[in-house]
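Remarks on the structure that follows.
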Amino acid sequence: MSKSQSISVLRNYHDCDLARGSESYLPGLPTHAATLAKWSRQIRKYMILSMHHRKTKQVFRSHAAIIGERARHARGTHIFIIHPFSIFAIYREHFMCILWMISFAMDPYNVSFHYSAYLTPITLPMQMFIDLLIFINIILEFFVGFYVPITKEIVLEPKQIRRRYLRTYFFVDLFSCLPYYHIFLMLGLIKLNSRFDFIGMIKLIRIVRLNTMSDYMRDLFLEMSMRESAIKWVKIFLKTIYLIHWWACTFHGFPILYSNGHVNLSEDSWLNKAQLYKEGAGISMAYRYLICLLTATSHFYGASEANQHFILPLERVMASLCVVSGFAYCIYFAATFLQIFGSINIADSKYDELVYQLETYSRVKKLPENLHKRLKSYYEYKFQKKFFDQEAILSTLSEHLQYEILLFNCRQIIEKVMALQGLSKSVVGGLIANFKLEVYLQNDVIIKQGDPPFKMYFISHGTVAVYWSNGQELTHHEDGDFFGSLQEPSIVSVVAAEITETFSMDVMDAKYIFKLEKEVSERMNQLQASKQAEYRSLAQILDDVDGKSVLMELRRGYILEKRRLR
């Protein structure tokens, strides 16, 4: 590989010469391994952290952090635990989202209209199938880890997973999926054509999962590259449909439940006034549902009474509650509208405006598509889809608060950079105060071989590849590592292997700090010298080893594992 090829900015991936074979960190298999063992290993790959999960890049912002999490999971003792950001978790969440959407529509309908609809050849098998799938999901919940947003922690400990599920949704899921009707029918407690309203209503506790379904739906739409504002409108539309549907079922089921069956309906009931149960009329259940839907919609929005008059006190209370809930929902809709278009959501709006300006600029200047994508990736990584003026915010804070925020933002550098270990808080703060945040896109050339001493870089998130003068890749530097030189010209070229966030310190700032802190100066000088010696040693090893030797093949990971693009 030539030097020009090794640091080309035209590629959209990093073709790594130092591939480590399998990055799943699962135990490798020999070529003669049994088919069952290969299938088992492939299934486990679907259970570990995946780069395709939407939240992976949000929580683990570098390849090194992703690999570290995979290693923690794969080398753990609990091999059957599923990572919450795995391929399996993605499909499970999407499937459960669709399943709950169907269930939230079917369950109220079955409770309200089941005396003639629940036992049909369509609704009964469908209800049984949904209950079976939810029961399978109950079992899976005990084996799927969870993410704690506050601490950004991934919990894979079985005891904590079980404890969390038992304290939250276990009993709700269990009680909502048991086949109560069939159990009571076999025990002789109900007859085949009986009402069993209270038994069927137990399944309505499943609606508690509405927020979970909403979260899964948001993740599904985000993976479909929908905008946040569009997702909010879709969720509002679905909530409106569900609320009106539930009220339609209530308008039909509540009078029948109160009268213990449609045969015993009072003459003053609105169902009789609407002639929905007129003898010999042959009215279908679909027609009854449409009349109930029209009545519920009219009361929900307070538009009219839909030519229906409520005489019975309990039915009037039911209609009044529908009107009040509709009024409250309209207030919620107005608040959401202001959130989407008003100042409440200004950070998202500013980011959308920034992206729109970027797209307009790229179109007017006729930038190449590849360059446009790189600019968009830079904006998305740096601002995380939330635009705000950090300098303006910090300028309004006291010096002490600015100092605390600075230390918190650089906490990963402080924890991982060996050069900063053991130094006092004031010394570390003085160093970090002179750091400058820089973001490099994949294949950006950060340092060229022969550049004069200019900066030292500390990697916060990301990976860089180091190349020797002949274009040979020597090594990688990842989260918490450093590169660059403040004393002598660079003997290597450094290229970003992925989107990389660094904190840099130039020569002038370094000289000022080194004058004040001799300990820091000596430590930095030693680390830079050891880094240069490491580069020369690696280059010498690569020159001495034949490119086709077994040692080189092992180094590149070609023996037991197929080479992978990174």
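The values are calculated or read from the model by the stated rules, or taken from the named source; none is laboratory data. Quick caveat, the model's predicted, so the values are computed rather than measured. Every residue, glycine among them, receives a Cβ derived from its backbone with ideal geometry; neighbour counts consider all protein chains shown. Side chains included, ligands, DNA and RNA excluded: accessible areas come from the protein's heavy atoms. Shrake-Rupley method; radii C 1.70, N 1.55, O 1.52, S 1.80 Å.
Is at least one residue of the range 148-155 modelled with pLDDT of 90 or more and part of a loop (DSSP other than H, G, I, E, B)?
Checking the range 148-155: not a single residue is modelled with pLDDT of 90 or more and part of a loop (DSSP other than H, G, I, E, B).
Within the range 242-268, can you find the residues that are part of a loop (DSSP other than H, G, I, E, B) and out of contact with any Ser or Thr (no Cβ under 7 Å at 6 or more places or on another chain)?
Those that are part of a loop (DSSP other than H, G, I, E, B) and out of contact with any Ser or Thr (no Cβ under 7 Å at 6 or more places or on another chain): Asn260, Gly261, Glu267, Asp268.
Counting just the residues of the range 63-92 that are in contact with a helix residue (DSSP H, G or I) (Cβ under 6 Å, 6 or more places away or on another chain) and crowded, with 20+ Cβ neighbours inside 10 Å, which one comes out farthest from His52 (Cα to Cα)?
If we take residues in the range 63-92 being in contact with a helix residue (DSSP H, G or I) (Cβ under 6 Å, 6 or more places away or on another chain) and crowded, with 20+ Cβ neighbours inside 10 Å, then Ile82 is farthest from His52 (Cα to Cα).
How about the range 467-504: which of its residues are open to solvent by 10 Å² or more (accessible area, probe 1.4 Å), assigned to a loop (DSSP other than H, G, I, E, B) and of a type in the set (A, V, I, L, M, F, W, C)?
Listed by number, the residues that qualify are Trp468, Leu486, Ile491, Ile499.
Name the single residue, out of those in the range 135-156 being closer than 19 Å to Ala71 by Cα and surrounded by 14 or more Cβ atoms within 10 Å (Cβ to Cβ), that is farthest from the chain's Cα centre (by Cα).
Taking the range 135-156 and keeping what is closer than 19 Å to Ala71 by Cα, we get 143-147, 152-156.
Within this subset, residues satisfying the condition of being surrounded by 14 or more Cβ atoms within 10 Å (Cβ to Cβ) are 143-147, 154-156.
Working: Phe143: 19, Val144: 15, Gly145: 14, Phe146: 11, Tyr147: 10, Ile154: 12, Val155: 15, Leu156: 17 Å.
Top of the filtered list is Phe143.
Mind counting the residues in the range 222-241 that are acidic (Asp, Glu) and either surrounded by 15 or more Cβ atoms within 10 Å (Cβ to Cβ) or outside any helix (DSSP H, G or I) (or both)?
Selection size over the range 222-241: 1.
Residues in the range 290-319 that are at pLDDT below 90 and among the aromatic types (Phe, Trp, Tyr): how many?
Result for the range 290-319: 1.
How many residues are among the aromatic types (Phe, Trp, Tyr), at pLDDT 85 or above and either open to solvent by 20 Å² or more (accessible area, probe 1.4 Å) or touching a Cys at 6+ places or on another chain (Cβ under 9 Å) (or both) if we restrict to the range 409-457?
Residues of the range 409-457 that are among the aromatic types (Phe, Trp, Tyr), as a first pass: 435, 440, 454, 457.
From what's left, at pLDDT 85 or above: 440, 457.
Then drop every residue that is not either open to solvent by 20 Å² or more (accessible area, probe 1.4 Å) or touching a Cys at 6+ places or on another chain (Cβ under 9 Å) (or both), which leaves 440.
Going through the range 409-457 one residue at a time, the tally reaches 1.
I need every pair where a residue in the range 287-303 that is of a type in the set (Ser, Thr, Tyr) has its Cβ under 6 Å from the Cβ of a residue that is open to solvent by less than 50 Å² (accessible area, probe 1.4 Å), sequence separation at least 6 or different chains.
From the range 287-303, the pairs are Thr295/Phe251; Thr295/Ala306; Thr295/Gln308; Thr297/Ile244; Ser298/Ala306; Tyr301/Gly326.
Do we have any residue at all in the range 243-256 that's open to solvent by 60 Å² or more (accessible area, probe 1.4 Å) and over 20 Å from Ala105 (Cα atoms)?
no
Of (1) at pLDDT 90 or above; (2) open to solvent by 30 Å² or more (accessible area, probe 1.4 Å), Phe175 satisfies all except one. Which?
(1)
Do you know which residues across the range 209-256 are of a type in the set (Gly, Ala, Ser) and under 14 Å from the mean Cα position of the chain (by Cα)? Please lay out each step first, then the result.
Let us first name the residues in the range 209-256 that are of a type in the set (Gly, Ala, Ser), namely 214, 225, 229-230, 248, 253.
Within the range 209-256, Ser214, Ser225 meet the criteria.
Filter the range 277-302 down to residues that are over 25 Å from Leu321 (Cβ atoms) and not in a helix (DSSP H, G or I) and give me whichever is most open to solvent (accessible area, probe 1.4 Å).
Among those residues, the one meeting the criterion is Glu279.
Mind listing whichever residues of the range 270-296 are among the polar types (S, T, N, Q) and in contact with a Phe, Trp or Tyr (Cβ under 8 Å, 6 or more places away or on another chain)?
Thr295
What are the pairs with Cβ atoms under 7 angstrom where one residue, in the range 40-55, is farther than 19 Å from Tyr381 by Cα and the other, located anywhere, is among the charged types (D, E, K, R)? Sequence gap at least six, or different chains.
Ile48/Arg70; Leu49/Glu69; Leu49/Arg70
Kindly provide the set of residues from the range 40-62 that are buried (at least 16 other Cβ atoms within 10 Å of the Cβ) and either closer than 20 Å to Pro158 by Cβ or acidic (Asp, Glu) (or both), ordered by number.
Scanning the range 40-62 gives Arg44, Met47, Ile48, Leu49.
Sort out for me the helices (runs of 4 or more DSSP H) sitting completely within the range 15-127 that have 3 or more residues that are at pLDDT 80 or above and under 24 Å from Thr475 (Cα atoms).
Per the criteria, 63-74.
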